[in-house]
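Undergrad: Sharing a structure here in structure tokens format.
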Amino acid sequence: MTTSTPARFAVAVAAAAVFAMTTAPGAGAVARAPEPRAPREFVALDSVDPTIIQEMRYLSAHNFVGERIDGYRQPVCILTRPAAEALHRAQTHLLRQGYSLKVYDCYRPQRAVDHFVRWAKDLADERKKAEFYPRVDKSRLFEDGYIAEKSGHSRGSTMDLTIVALPALPAPPPRPGQESVPCYAPQAQRYPDDSVDMGTGFDCFDTLSHTDDPRVQGAQRAHRLLLRTALAAEGFVNLPEEWWHFTYKPELFPDTYFDFPVSRRSVAGHRP
């Protein structure tokens, strides 16, 4: 049976109306809001200094949570422009001494911080305890200051980093069982990293991570002081509880916690 032209027209109109009802905002389906983008004052670090090594830990599952963290879309370090420029100056100084900076984390969206908070409240999830917090009861992570509702990283001028001896060689793949080795074990035993020996791995929830812990001596202490001295000369302030954590002062956004994703699109078109 064939359909007359008027009938076909009526069917087409009805179908269009149904499509509009199911796609229009507020009519059965909610339009997805566009992702926020970074203010113009933010840049990708490699647009300022492509020689700084980047190993963005929260994009992978090798972190204290054990999975990729919300808001990390691409392996790119994003910082406020003054912080990136100051890192470039520190890198120039370290390169002359045979070292390179390596960043583990830079700007961190608020949604990532919220992910950390949800994980910390789930006391049953201890997938990565053996490596990252073997001597800390998970119920104390907030009280001991390892996890907080807000992070300076979300303001854009804070980063986690280390130094690598040149020539930089890729770290070997981990051996079976190495992810269960405590983060404060001797460097040859713990999860492999191409950085110099800092006495603990990155994100080690332990008092041995305190920058000036007196138990850390010799080459490990010298490496910590080399990192802190090079960065302090360019305006960075170290968090005493974490040898890897530095904030550039003065901050451009001291009271603002951003939530744009970690991706190149967030800073597309921003010139260094």
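Undergrad: Condition check: over 12 Å from the mean Cα position of the chain (by Cα) and among the hydroxyl-bearing types (Ser, Thr, Tyr). Does Ser60 satisfy that? Even if it seems obvious, please write down each step before you answer.
TA: Details: over 12 Å from the mean Cα position of the chain (by Cα): no; among the hydroxyl-bearing types (Ser, Thr, Tyr): yes.
For Ser60, the condition - over 12 Å from the mean Cα position of the chain (by Cα) and among the hydroxyl-bearing types (Ser, Thr, Tyr) - is not met.
Undergrad: Right, here's the next one. Only one of these conditions is not met by Leu252: (1) assigned to a loop (DSSP other than H, G, I, E, B); (2) of a type in the set (A, V, I, L, M); (3) surrounded by 19 or more Cβ atoms within 10 Å (Cβ to Cβ); (4) in contact (Cβ under 8 Å) with a residue 40 or more places away in the chain. Which number is it?
TA: Among (1) assigned to a loop (DSSP other than H, G, I, E, B); (2) of a type in the set (A, V, I, L, M); (3) surrounded by 19 or more Cβ atoms within 10 Å (Cβ to Cβ); (4) in contact (Cβ under 8 Å) with a residue 40 or more places away in the chain, the lone unmet condition for Leu252 is (3).
Undergrad: Tell me the residue from Val136, Val103 that is under 26 Å from Pro170 (Cβ atoms) and aliphatic (A, V, I, L, M), please. Can you show your working first?
TA: Working: Val136 fails: under 26 Å from Pro170 (Cβ atoms).
When all the criteria are applied, what remains is Val103.
Undergrad: Also: Pairs, please: C-beta under 6 Å, at least 6 apart or cross-chain, first residue farther than 18 Å from Trp244 by Cα and in region 50-61, second surrounded by fewer than 18 Cβ atoms within 10 Å (Cβ to Cβ) and acidic (Asp, Glu)?
TA: Partner pairs satisfying both residue conditions: Ala61/Glu67.
Undergrad: Pairs please, first residue from region 62-73 and touching a residue at least 24 places away in the same chain (Cβ under 8 Å), second anywhere and hydroxyl-bearing (Ser, Thr, Tyr) and part of a loop (DSSP other than H, G, I, E, B), Cβ atoms under 8 Å, 6+ apart in sequence or on different chains.
TA: That search, which allows pairs on different chains as well, returns His62/Tyr191; Phe64/Tyr133; Arg73/Ser263.
Undergrad: Looking at region 96-141, which of the residues that are touching a strand residue (DSSP E or B) at 6+ places or on another chain (Cβ under 7 Å) and of a type in the set (Gly, Ala, Ser) is farthest from Ile69 (Cα to Cα)?
TA: So, considering only residues that are touching a strand residue (DSSP E or B) at 6+ places or on another chain (Cβ under 7 Å) and of a type in the set (Gly, Ala, Ser), the one farthest from Ile69 (Cα to Cα) is Gly98.
Residue-wise test of (1) buried (at least 18 other Cβ atoms within 10 Å of the Cβ); (2) touching a Leu at 6+ places or on another chain (Cβ under 7 Å); (3) among the basic types (Lys, Arg).
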position: Phe64; (1), (2), (3): yes, no, no
position: Arg81; (1), (2), (3): yes, no, yes
position: Ala84; (1), (2), (3): yes, yes, no
position: Leu87; (1), (2), (3): yes, yes, no
position: Thr92; (1), (2), (3): no, no, no
position: Arg96; (1), (2), (3): no, no, yes
position: Tyr104; (1), (2), (3): yes, yes, no
position: Pro109; (1), (2), (3): yes, no, no
position: His115; (1), (2), (3): yes, no, no
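Here, each number is a calculation from the coordinates, and none is a lab measurement. If you're wondering where the values come from, they're calculated on a predicted model, not measured in any experiment. All Cβ positions, glycine included, derive from the backbone under ideal geometry; neighbour counts span all protein chains shown.
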